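Student: After the structure tokens below, expect a handful of questions from me.
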Ligand SMILES: [Zn+2]
């Protein structure tokens, strides 16, 4: 049993269950010598952990019902203009986008985003069954600064926290334990971090898989001296710490199932620009700056190896074909492997390379319909 005050108890009874899945009742604890109301598991009186079943709202479920579609259409027209909204209408609610379709959507919504990030985002959409029109994924520009001066713009793909939940909940049934995500207590900080860190806001998430019983904990933080995006709309440092901790818990509970190396945001407060999106590095919670092993990283660029492999397969190119393509102008790079050769490209060449390969893929796809 868990002693609670009446109001809080009522809220918990309405939204949560016991860890075992049974419902709670809210009797006065007098019978058991407790001088307050208690949350009592209907199955076993000794149970004392609260679980909130994870569930998605209608907006997050692929293929909305029609009543919400009209509102979303109006919103799209407002945000994108009539012409673009009409063009994209055919993709509304579709969660089985091809790479090319995802690219078309991304380019329409974010025309200034570079080919690289569009491609990376399109692959994530294709692979994870996501749709930018459903606000599953966003592209966000960053000002690149050198010695305090803006020298350019970088873009990153970010996922909403609901998207992470969506990916997890398509395959799993899980609950949040102990009223998490919430602020970490000093005691928990000491236990998990080894000390109380006053420079950041820390949050904790504990999830339990209902089917396997496996538990996973995630922690996340946000620097106290940094203002997150969307504060004017109600976003908080604690909220940012919470979604980071939730993302880490999901990552740990279902390893390899979440897209890696991608920052998570709260889709309620989508930043227009990535100013306070990726802050100081924080432990192993993963930020967009972390480049996954699946990429080739060169002078200011990276090439996704999964994309490369898929493209090679689609084009029916061997490693040798790829190497001779790279050895000829304008690239003129060579190596023992494709990876080694690609590493020698400049940023401009790498962008051009991706464009060239994509052009070939598009041409090939088009010819299939002729
Ligand atoms: Zn129970």
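Student: Which of the residues spanning region 189-203 are in a helix (DSSP H, G or I) and surrounded by 18 or more Cβ atoms within 10 Å (Cβ to Cβ)?
Tutor: Across region 189-203, the qualifying residue is only 189.
Student: One residue is enough: does region 52-60 have a residue meeting the conditions within 16 Å of the ligand (Cβ to nearest atom) and modelled with pLDDT under 95?
Tutor: There is at least one residue in region 52-60 that is within 16 Å of the ligand (Cβ to nearest atom) and modelled with pLDDT under 95.
Let's see how each residue does on (1) surrounded by fewer than 21 Cβ atoms within 10 Å (Cβ to Cβ); (2) within 20 Å of the chain's Cα centre (by Cα); (3) in a loop (DSSP other than H, G, I, E, B):
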{"position": "211", "(1), (2), (3)": "yes, no, yes"}
{"position": "216", "(1), (2), (3)": "yes, yes, no"}
{"position": "222", "(1), (2), (3)": "no, yes, no"}
{"position": "240", "(1), (2), (3)": "no, yes, no"}
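Student: Taking residue 23 as meeting all but one of (1) over 13 Å from residue 1 (Cβ atoms); (2) in contact (Cβ under 8 Å) with a residue 40 or more places away in the chain, write down the number of the exception.
Tutor: (2)
Student: While we're looking at this one, here's another question. Here are some conditions: (1) surrounded by 16 or more Cβ atoms within 10 Å (Cβ to Cβ); (2) modelled with pLDDT under 95; (3) touching a strand residue (DSSP E or B) at 6+ places or on another chain (Cβ under 8 Å). Residue 177 meets all but one. Which one does it not meet?
Tutor: Among (1) surrounded by 16 or more Cβ atoms within 10 Å (Cβ to Cβ); (2) modelled with pLDDT under 95; (3) touching a strand residue (DSSP E or B) at 6+ places or on another chain (Cβ under 8 Å), the lone unmet condition for residue 177 is (2).
Student: Kindly indicate the residue of region 1-51 that is assigned to a strand (DSSP E or B) and surrounded by fewer than 18 Cβ atoms within 10 Å (Cβ to Cβ) and also farthest from the ligand (Cβ to nearest atom) among those meeting that condition.
Tutor: Restricting to residues being assigned to a strand (DSSP E or B) and surrounded by fewer than 18 Cβ atoms within 10 Å (Cβ to Cβ), the top hit is 28.
The values are calculated or read from the model by the stated rules, or taken from the named source; none is laboratory data. Computed from a predicted model, the values in this text were never measured in an experiment. Virtual Cβ from ideal backbone geometry, glycine too; neighbours counted across all protein chains shown.
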